[in-house]
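Right, one structure below, let's go through it.
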Amino acid sequence: MVFHITAPDKSIVPALQDKIDNLAKPKGSLGRLEELAVQIGTIQQTLSPRLEHPQNIVFAADHGIVVEGVSFSAPEVTAQQTYNFTRGGGGVNMFARQHHFGVKIVDVGVNADFGDLPGLIQRKIRKSTRNYLYEPAMTPEEYETALRIGAEIVDLVRSEGTNIVSFGELGMANTSASSLWMAFFTGIPLKECVGAGSGWDAKGIAHKYEVLRQAMEKYTGDHSPADIMRWFGGYEMVAAVGGMLRAAECHIPIIVDGFIMTACVLAASRLYPEMLEYCIFGHQGDESGHKLLLDYLHARPLLCLGLRLGEGTGAICSYPIIDSAIRMINEMNSFRDAEVTKYF
């Protein structure tokens, strides 16, 4: 699948900065809010940026590697939580209600039959990826299908008026896939990329590392980004990459959630480096590799609350800060309008 992603035109930046500098406040006194306003104004190519109908897209799928005992959570949790999300009972649902987000729950590979479940967008590619300890997690055709599904769901929320989007994930063992993507794409030693996931102690982390080390050593692919993504990834992760790339293609800001979604940004940027300019990193999570990955990407998260739930929860929690940046540039008076003498 081919995306046409270009960096935002920076010629508008001086005008945006001039507008912000002439608001009735000391120059630079609103810090990161000023930077966010410039970033979003540049993406939208306007001096009066707007945030409209924010939505969080959660892709759900199971991972074949889970049979090797790499996940603290039981395999059936993916399906159980999918049911829970469609009924509004998840952490992501609660934060979405609080911050007025729409939520899309998309099954791209859960190992369950949901029937006609209200609130679930059914795009199942296969019931779980394969076990990448022995074979690639997905075929090239499945990889392409996952990318297309991600792009399709972004097209759907765009048709509903959304102009800012976040992504979440649901799938036991997806921190394992993220650790492998991180190790391959950054060169950071695998041991530094592997963490507790949903709750492992030191012994569990050691076992998880050993399984992933073996999988990494058995890899016989061509080391291209797409090949690494399909060999070790989850359908939900590749779908998120496709969604991120479509969002960047359509000049839509992307609020990035935790470790898994940051790994997806890393993978997406290996395909199209320009997509990074559309990313706003919502938070630094508590998974051990997340800070290393953010540092590698030179990303500065808005929050650091020790979160490690995933689902897009950290991204949604950061949204009020982004909203404040847009309110600042649109609602504060200038020195002239306020009849205040400049004091810088």
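The values are calculated or read from the model by the stated rules, or taken from the named source; none is laboratory data. Treat the numbers as computed from the prediction; the structure is a model and nothing was measured. A quick note on method: Cβ atoms are made from the backbone with ideal geometry, for glycine too, and the neighbour counts reach across all protein chains shown.
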Inset, instruction - Please find, within segment 99-120, the residue that is nearest to the chain's Cα centre (by Cα) out of those that are touching a residue at least 24 places away in the same chain (Cβ under 8 Å) and surrounded by fewer than 18 Cβ atoms within 10 Å (Cβ to Cβ). - result: GLY102
Legend entry - Cβ pairs under 6 Å, 6+ apart, first in segment 58-85 and surrounded by 24 or more Cβ atoms within 10 Å (Cβ to Cβ), second small (Gly, Ala, Ser) and in a helix (DSSP H, G or I): PHE59/ALA239; PHE59/ALA240; ILE65/SER176; VAL70/SER176
Legend entry - Test for ILE5: is it in a loop (DSSP other than H, G, I, E, B), surrounded by 15 or more Cβ atoms within 10 Å (Cβ to Cβ) and either charged (D, E, K, R) or touching a residue at least 60 places away in the same chain (Cβ under 8 Å) (or both): yes
Inset, instruction - Consider GLU311 carefully, then state whether it is touching a Pro at 6+ places or on another chain (Cβ under 7 Å) and either charged (D, E, K, R) or assigned to a loop (DSSP other than H, G, I, E, B) (or both). - result: no
Inset, instruction - Identify, by number, the condition in (1) crowded, with 24+ Cβ neighbours inside 10 Å; (2) among the hydrophobic types (A, V, I, L, M, F, W, C); (3) at pLDDT below 95 that ILE153 doesn't meet. - result: (3)
Inset, instruction - Need at least 3 residues that are buried (at least 24 other Cβ atoms within 10 Å of the Cβ), among the hydroxyl-bearing types (Ser, Thr, Tyr) and modelled with pLDDT of 95 or more per element, so show me which helices (runs of 4 or more DSSP H) inside segment 221-303 make the cut, counting only ones lying wholly within it. - result: none
Inset, instruction - Scan segment 301-344 residue by residue and report those that are without any contact (Cβ under 8 Å) to a residue 60 or more places away in the chain and within 17 Å of TYR278 (Cα to Cα). - result: PRO301
Inset, instruction - Go over the candidates LYS203, LYS208, LYS191 one by one and state the one that is over 25 Å from THR86 (Cβ atoms), in contact (Cβ under 8 Å) with a residue 60 or more places away in the chain and charged (D, E, K, R). - result: LYS208
Inset, instruction - Taking SER128 as the residue in question, decide whether it is in contact (Cβ under 8 Å) with a residue 24 or more places away in the chain, assigned to a loop (DSSP other than H, G, I, E, B), under 30 Å from ASN330 (Cβ atoms) and among the polar types (S, T, N, Q). - result: no
Inset, instruction - Those residues that are basic (Lys, Arg) and more than 28 Å from GLY221 (Cα to Cα), I need them from segment 151-198; list them, please. - result: ARG158
Legend entry - Filter result for the condition that a residue is touching a residue at least 24 places away in the same chain (Cβ under 8 Å), in a loop (DSSP other than H, G, I, E, B) and of a type in the set (Lys, Arg), over LYS19, LYS25: LYS25
Inset, instruction - Name the one entry in SER178, SER224 that is touching a helix residue (DSSP H, G or I) at 6+ places or on another chain (Cβ under 8 Å), within 30 Å of ILE280 (Cβ to Cβ) and not hydrophobic (A, V, I, L, M, F, W, C). - result: SER178
Legend entry - Verdict on MET138 being crowded, with 21+ Cβ neighbours inside 10 Å and part of a loop (DSSP other than H, G, I, E, B): yes
Inset, instruction - Just need a number here: residues in segment 35-47 that are crowded, with 23+ Cβ neighbours inside 10 Å and not in a helix (DSSP H, G or I). - result: 0
